[in-house]
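Asker: Before I ask anything, here is the structure I am working with.
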Amino acid sequence: MKKVVAFKVLLMLALTVASTSCKKSSSSKNSSRATGWQINSREGGFQYNTDFKEQETAPGLVFIEGGTFTKGRVQDDVMHDWNNSPNQQHIQSFYMDETEVTNAMYLEYLDYLKRVYPPSDENYRAIYLGALPDTLVWRNRLGFNEVMTDNYLRHPGYGEYPVVGVSWIQAVEFANWRSDRVNEFNLEKAGYLKRDAKITDVNADQTFSTDTYINAPTQTYGGNEEIINPQSGRGRRNSRTDAEGNETGIYATRETGIISPKYRLPTETEWEYAALGLSELRSFNLYRGRKKYPWDGQYTRSGKRKYRGDQLANFKQGKGDYGGIAGWSDDGADITNAVKSYSPNDFGLYDMAGNVAEWVADVYRPIIDDEFNDFNYYRGNVYTKNALNEDGTVKVVTSNDIVYDTLPNGKVIARNLPGEILQVPIDENETYLRTNFDKSDEINFRDGDKRSSRYFESFGEDDDENTNESNNTRKMYNSPKHSITRDSLGNIIREYDKGSNRTSLINDQVRVYKGGSWKDREYWLDPAQRRYFPQDMATDFIGFRCAMSRVGSKSKVKSKTKN
């Protein structure tokens, strides 16, 4: 009996101590180390997600832990391009799509645009048409490929195949759309948006934009209070009632941790680092060697006993050989193949060699300027800011404010969609006395502008004003300048640049694409190889995948004490 009483006393003491320590822990966690004030107080004040652990992996992505690696050529440069010289780079941790974006994924995007911005309405027609992949890329003047032209995008037989015929501009717009849809769903799950409003209530005048929700939440969904402040809001993670009975935390902010970073195209350096998957060559703090492909070894066929002789990627094996001999050395495809048809690399990424080449974010230049920056290298920055109304509020695009642009190839695209915040270039308010950037468009920094350009025929530093017309042929990146104009009736007039003094195909509108494709020989499977293509054009062998930046810790696994 005495033992039972003693046990109960000890149990009560233990529970009391645990309860007290929990209260102290909770109290200390919600107490500001700067002021001592209480955070997340019911009476109001500073609200912050003190329970946040780490960034959740968004749909379709896998985690890539960043690090240092040698970017550039790892085998003989048989093309003599000299555009991928080895250089040391460091990459922050990020996320990347497990596979290329598939036809089914892209069709979901097209379906959304068609429902929200019906092409039957003249005001929205160009939105849907501008997003459609170019299915005519499959045609060949000496080949019969109409089955792909008619079926590749929409037939379910090709549903899990990588989408092609998509320009760099279209890939960027898909990533922007995907960002908004994922954040819209996250906010709905957290109780900040009306359930299923993304399907039942959405229209051209009632849409969700992540930037708009962060900067002007009351203008999201056209200001529909029923959607952005649902009655079920009592279940919001950050919702509280102050001492006077007023609800606070109605709208989610970045401080809640619910709003995810945006999907985007990976940078060239990120893509190459992810494709190499160097972790299998790591020995302590060194890499034991170089990698020729995303897999270990010097050959394109598997050496494992179970799969010995099987091709590890989908590529053109020789002249007139897009797949091999049927039933024997076949790689399983003659054009593209379904994603996940081949083994992933060490990061868990599929088809980082073969299947389709992939767009990356960078503007192409022959040389990587690693002398100026070797951390998260990227060329293509164009800095913008939110446009403001006269009263200081952000300017949200309406159905009457959509800005359309005619590309050099004559295709019309929408530069912004209703519900988004209008973007304008940054000005002196953001650049004055800064040392890290000085203008909105930094694409030509240290390359191509007057302060950094060189003429390839001499080492003179003459400015454009001091040269005559005949010397303009010596300029770097002197690419053809085709133009699109419209007559008084709105008909497109295409004017080709037929000048004979052009010296390059490179300009600020050509983007890098990486990786070999079903149409390429083995040489291009090397992740270090890089090529370029106009950002407004598409092919039957270039697709894309999305990436997302990592916020917070570099690693998902807490590092252990060394030695």
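Let's see how each residue does on (1) of a type in the set (Gly, Ala, Ser); (2) in a loop (DSSP other than H, G, I, E, B); (3) in contact (Cβ under 8 Å) with a residue 12 or more places away in the chain; (4) open to solvent by less than 20 Å² (accessible area, probe 1.4 Å):
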{"position": "PRO480", "(1), (2), (3), (4)": "no, yes, yes, no"}
{"position": "ASP497", "(1), (2), (3), (4)": "no, yes, yes, no"}
{"position": "ASP508", "(1), (2), (3), (4)": "no, yes, yes, no"}
{"position": "ALA538", "(1), (2), (3), (4)": "yes, yes, yes, no"}
{"position": "MET548", "(1), (2), (3), (4)": "no, no, yes, yes"}
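Asker: Just to be sure I understand, how many residues within region 165-217 are touching a Pro at 6+ places or on another chain (Cβ under 9 Å), in contact (Cβ under 8 Å) with a residue 24 or more places away in the chain and of a type in the set (A, V, I, L, M, F, W, C)?
Answerer: 6
Asker: Next question, about the same structure. So in region 63-89, with the set limited to residues that are of a type in the set (Asp, Glu) and in contact (Cβ under 8 Å) with a residue 60 or more places away in the chain, which one is nearest to TYR513 (Cα to Cα)? I'd like the intermediate steps shown before the answer.
Answerer: Just the residues of region 63-89 that are of a type in the set (Asp, Glu), to begin with: 65, 76-77, 81.
Remaining after also requiring in contact (Cβ under 8 Å) with a residue 60 or more places away in the chain: 65, 81.
Details: GLU65: 22, ASP81: 15 Å.
Ranking the qualifying residues of region 63-89, first place goes to ASP81.
Asker: Same structure again: Return the pair list, or none, for Cβ contacts closer than 6 Å from residues in region 105-121 that are more than 26 Å from LEU61 (Cα to Cα) to residues that are open to solvent by 80 Å² or more (accessible area, probe 1.4 Å), at least 6 apart or on different chains.
Answerer: PRO119/ARG125
Asker: Out of region 67-83, which residues are over 22 Å from the mean Cα position of the chain (by Cα) and either at pLDDT 80 or above or loosely packed, with under 12 Cβ neighbours inside 10 Å (or both)?
Answerer: If the condition is that a residue be over 22 Å from the mean Cα position of the chain (by Cα) and either at pLDDT 80 or above or loosely packed, with under 12 Cβ neighbours inside 10 Å (or both), then THR70, ASP76, VAL78, HIS80, TRP82, ASN83 are the ones that fit.
Asker: Taking VAL182 as the residue in question, decide whether it is open to solvent by 10 Å² or more (accessible area, probe 1.4 Å) and within 20 Å of the chain's Cα centre (by Cα). Give the steps one after another, and end with the answer.
Answerer: On the way: open to solvent by 10 Å² or more (accessible area, probe 1.4 Å): yes; within 20 Å of the chain's Cα centre (by Cα): yes.
For VAL182, the condition - open to solvent by 10 Å² or more (accessible area, probe 1.4 Å) and within 20 Å of the chain's Cα centre (by Cα) - is met.
Asker: Additional query: Being open to solvent by 50 Å² or more (accessible area, probe 1.4 Å) and either in contact with a Cys (Cβ under 7 Å, 6 or more places away or on another chain) or within 30 Å of VAL164 (Cβ to Cβ) (or both) is the filter here; which residues of region 355-375 pass it? Steps first, please.
Answerer: The first filter runs over region 355-375 and keeps only residues open to solvent by 50 Å² or more (accessible area, probe 1.4 Å), leaving 367, 370-375.
Within region 355-375, just ILE367 meets the criteria.
Asker: Next up: Which residue pairs have Cβ atoms closer than 7 Å, lie 6 or more positions apart in sequence or on different chains, and pair a first residue in region 348-372 that is farther than 23 Å from LEU278 by Cα and of a type in the set (A, V, I, L, M) with a second residue that is open to solvent by 10 Å² or more (accessible area, probe 1.4 Å) and outside any loop (DSSP other than H, G, I, E, B)?
Answerer: Listed pairs, sorted by first residue: VAL363/ARG511.
Asker: Quick one: in region 49-63, of everything that is open to solvent by less than 60 Å² (accessible area, probe 1.4 Å) and in contact with a Gly (Cβ under 9 Å, 6 or more places away or on another chain), which residue is modelled with the lowest pLDDT?
Answerer: Top of the filtered list is ASN49.
Asker: Right, here's the next one. With the checklist (1) touching a Gly at 6+ places or on another chain (Cβ under 6 Å); (2) in contact (Cβ under 8 Å) with a residue 60 or more places away in the chain in hand, flag the one item ASP331 doesn't pass.
Answerer: Looking at each condition in turn, ASP331 falls short on (2).
Asker: Select from region 221-264 the residues that are over 30 Å from GLU100 (Cβ atoms), modelled with pLDDT of 65 or more, in contact with a strand residue (DSSP E or B) (Cβ under 8 Å, 6 or more places away or on another chain) and open to solvent by less than 30 Å² (accessible area, probe 1.4 Å) and list them in ascending order.
Answerer: Once the filter is applied, which keeps residues that are over 30 Å from GLU100 (Cβ atoms), modelled with pLDDT of 65 or more, in contact with a strand residue (DSSP E or B) (Cβ under 8 Å, 6 or more places away or on another chain) and open to solvent by less than 30 Å² (accessible area, probe 1.4 Å), region 221-264 yields TYR221, ILE227, GLY249.
Asker: Across region 325-336, what is the number of residues that are more than 14 Å from ASP520 (Cα to Cα) and open to solvent by less than 40 Å² (accessible area, probe 1.4 Å)?
Answerer: Step one: filter region 325-336 for residues more than 14 Å from ASP520 (Cα to Cα), giving 325-330, 332.
In the following step, the residues that additionally are open to solvent by less than 40 Å² (accessible area, probe 1.4 Å) were identified as 329.
The total comes to 1.
Asker: In region 120-136, is there at least one residue being part of a helix (DSSP H, G or I), at pLDDT below 95 and basic (Lys, Arg)?
Answerer: Checked against the condition, which is being part of a helix (DSSP H, G or I), at pLDDT below 95 and basic (Lys, Arg), region 120-136 yields at least one hit.
Asker: Here's something else I'd like to know. Go through (1) open to solvent by less than 10 Å² (accessible area, probe 1.4 Å); (2) modelled with pLDDT under 95; (3) not β-branched (Val, Ile, Thr) for LEU113 and report which single condition fails.
Answerer: Unmet condition: (2).
Asker: I'm trying to understand the selection: among the residues of region 388-404, which are surrounded by 15 or more Cβ atoms within 10 Å (Cβ to Cβ) and either within 21 Å of VAL172 (Cα to Cα) or out of contact with any Leu (no Cβ under 8 Å at 6 or more places or on another chain) (or both)? Walk me through how you get there before you give the answer.
Answerer: Going residue by residue through region 388-404, those that are surrounded by 15 or more Cβ atoms within 10 Å (Cβ to Cβ) are 394-397, 399, 402.
Within region 388-404, VAL396, VAL397, SER399, ILE402 meet the criteria.
Asker: While we're on this one: Does PHE46 satisfy being among the hydrophobic types (A, V, I, L, M, F, W, C), over 30 Å from GLU160 (Cβ atoms) and open to solvent by 40 Å² or more (accessible area, probe 1.4 Å)? Even if it seems obvious, please write down each step before you answer.
Answerer: Details: among the hydrophobic types (A, V, I, L, M, F, W, C): yes; over 30 Å from GLU160 (Cβ atoms): yes; open to solvent by 40 Å² or more (accessible area, probe 1.4 Å): yes.
Yes, satisfied.
Asker: Would you pick out the residues in region 39-74 that are touching a strand residue (DSSP E or B) at 6+ places or on another chain (Cβ under 8 Å), of a type in the set (Val, Ile, Thr) and within 19 Å of ILE91 (Cβ to Cβ)? Outline the logic, then answer.
Answerer: Our first condition is that a residue be touching a strand residue (DSSP E or B) at 6+ places or on another chain (Cβ under 8 Å); within region 39-74, this holds for 39-40, 42, 44-45, 47, 57-58, 60-64, 66-72.
In the following step, the residues that additionally are of a type in the set (Val, Ile, Thr) were identified as 39, 57, 62, 64, 68, 70.
Answer for region 39-74, where residues must be touching a strand residue (DSSP E or B) at 6+ places or on another chain (Cβ under 8 Å), of a type in the set (Val, Ile, Thr) and within 19 Å of ILE91 (Cβ to Cβ): THR57, VAL62, ILE64, THR68, THR70.
The values are calculated or read from the model by the stated rules, or taken from the named source; none is laboratory data. In this text, all values refer to a predicted model and were calculated from it rather than measured experimentally. In this analysis, Cβ positions are derived from the backbone assuming ideal geometry, glycine residues included, and neighbour counts consider all displayed protein chains. For accessibility, only protein heavy atoms count, side chains too; no ligands or nucleic acids. Shrake-Rupley method; radii C 1.70, N 1.55, O 1.52, S 1.80 Å.
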